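S.K.: Below is the structure I would like to discuss, written out as structure tokens.
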Amino acid sequence: MDNNYYQTIIVKINHLITEKNFSQAFALVKEELAVAYIPQEFQEQLQKLHDEIIFNLKEQQATLNTTNNFWTLAKITEVLNDLVNQEQHATACYFLQNYNVRLILPVITNYLLNPNITNINKTRLLLLLKNQNIDQEFQVTKLPCNFVINPIKLTAWYDLKVYQQINQLLEQVVYVDNPGLFQICFYLLNNYFESLMPEIPSLKHVNAIAAAVYIRACSLQFNRVTLLLSAKMFHSTTVLIKKYLVELKKHKIS
């Protein structure tokens with residue numbers, strides 16, 4: 001297998017770790033390490049990730065044992081119905097994995113329709129429905145759109161070719177000179193695709209999206225980057241980059 005394959009796998013595992021999806025990350029890294037031959041560079045990276053995941057799984061289990069009594073299904077429902085404190089919704093969705101979501105489908109149906117719930121929170125809930133094999137259609141309001149979708153048919157954004165190509169481009173252009181800035185780009189890129197799902201950007205706009213994410217990341221570090229410079233760095237046009245800067249602002253990516 002070529003280097004691009006392993007780079008993509010490692011990006012995917014790192015994202016799963018970031019999302020605290022340690023079980024899926026462990027299954028993926030274990031599958032890769034079972035291959036007869038892996039280039040040494042990537043074997044070392046995969047083994048390091050494996051050890052990190054094992055540590056996190058143990059920590060997660062210890063935390064779970066002490067918090068399960070608090071995050072009951074009733075508590076999760078209460079939090080999901082609280083529109084004021086949406087920062088707790090991600091935690092509620094995380095603990096909802098331990099329950100049968102069919103038990104609160106009416107709550108979930110209303111949640112997905114509510115225009116006041118962020119797009120990212122709705123994506124996380126849809127992926128949870130997918131992971132629990134909920135095979136039915138749901139009406140979803142993701143401003144400015146309304147649509148009907150069956151979670152089973154969803155493709156996670158980190159499996160999309162366009163996402164992987166943008167991430168690889170940011171690695172090539174940003175990571176070597178500034179790993180810290182790359183991490184901010186990685187965070188913003190994931191938030192953008194989470195908010196966007198199930199919509200998928202054009203593969204033709206990979207460079208422009210990467211440039212827009214880069215500009216946004218620089219602004220968060222109070223570094224000013226001109227459109228002309230970013231267009232040159234990412235081999236794109238100022239017109240397309242402007243379009244995606246507007247997109248990032250519309251999706252409140254920060």
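S.K.: Run Asp177 past the list (1) surrounded by fewer than 19 Cβ atoms within 10 Å (Cβ to Cβ); (2) part of a helix (DSSP H, G or I) and report the number of the one that doesn't hold.
M.R.: Condition (2) is where Asp177 drops out.
S.K.: Being more than 21 Å from Val213 (Cβ to Cβ) and either in a loop (DSSP other than H, G, I, E, B) or open to solvent by 70 Å² or more (accessible area, probe 1.4 Å) (or both) is the filter here; which residues of region 148-164 pass it? Full working, then the answer.
M.R.: Looking only at region 148-164, we keep the residues that are more than 21 Å from Val213 (Cβ to Cβ), and these are 148-154.
Within region 148-164, Val148, Asn150, Lys153, Leu154 meet the criteria.
Residues checked against (1) part of a loop (DSSP other than H, G, I, E, B); (2) at positive phi; (3) surrounded by 15 or more Cβ atoms within 10 Å (Cβ to Cβ); (4) out of contact with any strand residue (DSSP E or B) (no Cβ under 8 Å at 6 or more places or on another chain):
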residue	(1), (2), (3), (4)
Phe193	no, no, yes, yes
Ile200	yes, no, no, yes
Ile209	no, no, yes, yes
Arg216	no, no, yes, yes
Ser219	no, no, no, yes
Arg224	yes, no, no, yes
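S.K.: Can you tell me how many residues in region 137-147 are within 24 Å of Leu103 (Cα to Cα) and open to solvent by 80 Å² or more (accessible area, probe 1.4 Å)?
M.R.: 2
S.K.: Tally the residues that are part of a helix (DSSP H, G or I) and touching a residue at least 12 places away in the same chain (Cβ under 8 Å), restricting the search to region 78-99.
M.R.: Residues flagged as part of a helix (DSSP H, G or I) and touching a residue at least 12 places away in the same chain (Cβ under 8 Å) within region 78-99 amount to 11.
S.K.: Which condition number does Ile241 fail, the rest of (1) open to solvent by less than 60 Å² (accessible area, probe 1.4 Å); (2) not in a helix (DSSP H, G or I) being met?
M.R.: Just one mismatch for Ile241, condition (2).
S.K.: Among the residues of region 70-128, what is the count of those that are surrounded by 18 or more Cβ atoms within 10 Å (Cβ to Cβ), in contact with a strand residue (DSSP E or B) (Cβ under 9 Å, 6 or more places away or on another chain) and farther than 20 Å from Thr18 by Cα?
M.R.: Residues meeting the conditions: 3.
S.K.: Taking the condition of being open to solvent by less than 70 Å² (accessible area, probe 1.4 Å) and within 30 Å of Asn121 (Cβ to Cβ), how many residues in region 1-18 meet it? Walk me through how you get there before you give the answer.
M.R.: Restricting attention to region 1-18, the residues satisfying the condition of being open to solvent by less than 70 Å² (accessible area, probe 1.4 Å) are 6-17.
Checking which are within 30 Å of Asn121 (Cβ to Cβ) leaves us with 7-17.
So the answer is 11.
S.K.: How many residues does region 205-229 contain that are more than 18 Å from the chain's Cα centre (by Cα) and under 24 Å from Leu160 (Cα atoms)? Reasoning before the result, please.
M.R.: At the first step, the residues of region 205-229 found to be more than 18 Å from the chain's Cα centre (by Cα) are 205, 207-208, 211, 215, 218-229.
With the extra rule that they be under 24 Å from Leu160 (Cα atoms), the set shrinks to 205, 207-208, 211, 215.
Within region 205-229, residues that are more than 18 Å from the chain's Cα centre (by Cα) and under 24 Å from Leu160 (Cα atoms) number 5.
S.K.: Of the residues that sit in region 226-238 and are in a helix (DSSP H, G or I) and not charged (D, E, K, R), which one is most open to solvent (accessible area, probe 1.4 Å)? Let's see the steps before the verdict.
M.R.: Let us first name the residues in region 226-238 that are in a helix (DSSP H, G or I), namely 227-234, 238.
Still in the running and not charged (D, E, K, R): 227-231, 233-234, 238.
Details: Leu227: 48, Leu228: 134, Leu229: 86, Ser230: 0, Ala231: 12, Met233: 58, Phe234: 1, Thr238: 46 Å².
Only one residue fits best here, namely Leu228.
S.K.: Return the total of residues in region 20-67 being aliphatic (A, V, I, L, M) and either open to solvent by 40 Å² or more (accessible area, probe 1.4 Å) or not in a helix (DSSP H, G or I) (or both).
M.R.: Taking region 20-67 as the starting set, the residues that turn out to be aliphatic (A, V, I, L, M) are 25, 27-29, 33-36, 38, 46, 49, 53-54, 57, 62, 64.
Then keep just the ones that are either open to solvent by 40 Å² or more (accessible area, probe 1.4 Å) or not in a helix (DSSP H, G or I) (or both); that gives 27, 33-36, 38, 54, 57, 62.
Number of matching residues: 9.
The values are calculated or read from the model by the stated rules, or taken from the named source; none is laboratory data. Small disclaimer: the values here were computed from a predicted structure and weren't measured. Cβ: placed from backbone, ideal geometry, glycine included. Neighbour counts: every protein chain shown. The protein model used for the area step is the full one, side chains on, heavy atoms only, and it has no ligands, DNA or RNA in it. Shrake-Rupley method; radii C 1.70, N 1.55, O 1.52, S 1.80 Å.
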